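Here the structure comes first, spelled out in structure tokens, and everything after it is commentary.
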């Protein structure tokens, strides 16, 4: 099946905005409240594997974008299911019931972007330790300023301040 | 019996890299495990937002240390897809050559690691020693042993030196000869068989459910490979069949790598044969490095690294640096959740052995 | 070099006056000579440099020629090799490991990252100057340094032990408060 045919089949899902990106890659945008249904629809269609959950901070539009990166080994096709959630209230529903591995990806997104996934039981600290600042992958977190405040100075053993 | 909490790592010789597992043991059987990654976190995804497009490969090759070429190639491919660049034919072959050599050296590291974890130290000495022949080839080609910084968006940095293909073939002949000795010493060794057969069996259905990729998935009988499913570099033109095993235990996972090792040697020979017959010179398209702008959009590119699918999701807003780049490390599926579930019911001595047999690479979980 | 004679003499395990006599001086020389020929290194791959330790420990570069050997527990080790960049989460464990090691102990920082941050100089997750948190005896520059340079560093460390200039652990005692203050600045809680 070609990309166009698959895109047409996906477009039958109400509210889906489908775009063929390039060979083998299709982007599907759906409203946030329909995200879970769309994922179930895509899974039934053959996009049965969740490769990763990507998260992008669109700070100008005041939105977070969650990209569920799906792959179909039968059709050799990738689908990016995109939902946008407001930045002020970063909450979304977990996809663990569809793909158990989503737990780890959501745990990471929670830590790095501060998105809360409802019904995910394991949103515990994952990679960072003792982190009390803004989640680091947000665009308004300034890594250089943080580094300057926290680590940067001449070591006292080398003639710097004691 | 009383259950005991035990911290396994990060300062522990049985751990692959810098990783930690908190296990609860009853006697010496594991009843609960919690993987603690994050000791190698460097925030690549944030750093890339502050670098130019062309400054990516020198940074990004550090994602998976034993298998550095796959990291830089994955990123380069994502950028090429965004910018619509097609790498010249010879560039593609050189890229595939570095990737297969990288796979060979990563598998040698794997044999050494697994051998060491079950007490076969001779194989560790041999495999690491033989890996240095590949590193010497890399040094000749790229100038570096570990981080080659060779595959850039647009193609490899330069052409192979004169006579390089012959020297590669010589090393391949040597490795093939050595593989027979490995068979005698390692793959048919009673210690190895007893320690790996029927240990930590992964079923095909479980691998599909948990999105395990790479050799671990193929060892369960699931024939997936990014080289076949989403072909890149010179792989569409190369002749190879997927190898699978059915058992899914530690033994199958090691033997899967052993068979793929032979396959990679054959692939390298195919590539060098082709490289000899090609006109030299044209290997890359050079964009203007510092002011190179990439059109808006997003792209995903995946490569089959020695651990599984290593993918890059790159978003561009039309600027001189990525708006967002996210890495899908292969170990994030088999190194955290799968490992935690599979280790339950195993003996304490297999905690490290299972980590090696699954080929968990902590830096690509942490990034 | 710390010229605090008291710390030095206490560390030698012998109470020596400032004008120490000849036998005591030669005892120190013999002890340092014995120390330098059997250095055991903590087996802890803190960063990407761990990959070059494998060729170093095995047949091609073989560090056992120099009497160096990887040791699994910090309590029996003499050398802590910091291989590459240091993440905050790892730094906490490095300090724990370092403090468990018995005196005399030596730290070699391997690669560019512990010196000034290397390519991760603006990363929120890695520290830039390792010697603010623990004392370093020797740096090996480069990314990644070749195994030969590590071998050379071991030789230099042996010379430094013989002259008594490898005095990081004494510095750590002397400047314990400032080191601790720096460490506490980046850690919220110890465990």
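Just so it is clear, none of the values below were taken in a lab; they were calculated from the coordinates. What you are looking at is a predicted structure, and each value in this text was computed from that prediction instead of being measured. Positions of Cβ are generated from backbone atoms using ideal geometry, with glycine treated the same way; all protein chains shown enter the neighbour counts.
Descriptive notes on the structure:
- Chain C: angle of helix C:176-186 to the longest principal axis, Cα-based, in degrees nearest 10: 10 degrees
- Multiplying the residue separation of residue B:122 and residue B:166 by 0.36 nm and removing their Cα-Cα distance gives an extension gain of 12.9 nm.
- Per-residue mean of C-beta atoms belonging to partner chains within 10 Å, peptide B:125-136: 4
- One chain, two ends: residue A:34 and residue A:59. Fully extended at 0.36 nm per residue, the span grows by 6.7 nm beyond their Cα-Cα distance.
- Footprinting exposure proxy ranking of B:312, B:174, B:186, B:75, fewest other C-beta atoms within 10 angstrom first, gives B:174, B:186, B:312, B:75.
- Quarter of the Cα convex hull surface for segment A:3-153, i.e. its orientation-mean projected area (nm²): 10.2 nm²
- Chain C shape via C-alpha gyration tensor axes, a/c threshold 1.5: oblate
- Acute angle (nearest 10 degrees) that the helix B:121-142 long axis makes with the longest principal axis of chain B, alpha-carbon atoms: 10 degrees
- Estimated FRET transfer efficiency when R0 is 35 angstrom, pair residue B:190-residue B:32 (beta carbons, to 0.05): 0.65
- Spatial offset of segment C:133-159 relative to segment B:171-238 amounts to 37 Å, using the alpha carbon center of each.
- Taking label points 7 Å from Cα along the Cα-to-Cβ direction, residue A:116 and residue A:23 give a separation of 4.6 nm.
- Inter-chain Cβ neighbour count for C:114-120, averaged per residue, equals 3 (cutoff 10 Å, partner chain atoms only).
- Pairwise centroid distance, computed over Cα atoms, of segment B:96-161 with segment C:59-96, Å: 23 Å
- Rounded Å value of the spacing that divides the Cα centres of segment A:81-103 and segment B:241-258: 35 Å
- In terms of surrounding Cβ atoms within a 10 Å radius of their Cβ, C:143, B:64 rank from fewest to most as C:143, B:64.
- Legend: calculated FRET efficiency, residue C:121 to residue B:240, from the Cβ-Cβ distance at R0 = 45 Å, rounded to 0.05, equals 0.60.
- Acute angle (nearest 10 degrees) that the helix B:164-182 long axis makes with the longest principal axis of chain B, alpha-carbon atoms: 10 degrees
- Pairwise Cα inverse-distance average, inverted: Kirkwood Rh of segment B:92-214 (Å): 16.6 Å
- Contour minus Cα-Cα distance for residue B:24 and residue B:181 (0.36 nm per residue): 52.6 nm
- Taking the number of Cβ atoms within 10 Å of each Cβ as an exposure proxy, the fewest-first ranking of B:365, A:115 is A:115, B:365.
- Simple spin-label estimate for residue B:273 and residue C:177 gives 7.5 nm between the two label positions (7 Å along the Cα-to-Cβ direction from each Cα).
- Calculated FRET efficiency for the pair residue B:197/residue C:33, C-beta based, R₀ 35 Å, to 0.05: 0.10
- Our helix-only sum for the protein assembly as shown, with -39,500 (n - 2.57) per DSSP H run of n ≥ 4 divided by its residues, gives a mean residue ellipticity at 222 nm of -12000 deg cm²/dmol.
- Computed over the protein assembly as shown, the convex hull of the alpha-carbon atoms projects to a mean area of 32.4 nm².
- Inter-probe distance in nm under a simple model that places probes 7 Å from Cα toward Cβ, at residue A:150 and residue B:7: 2.0 nm
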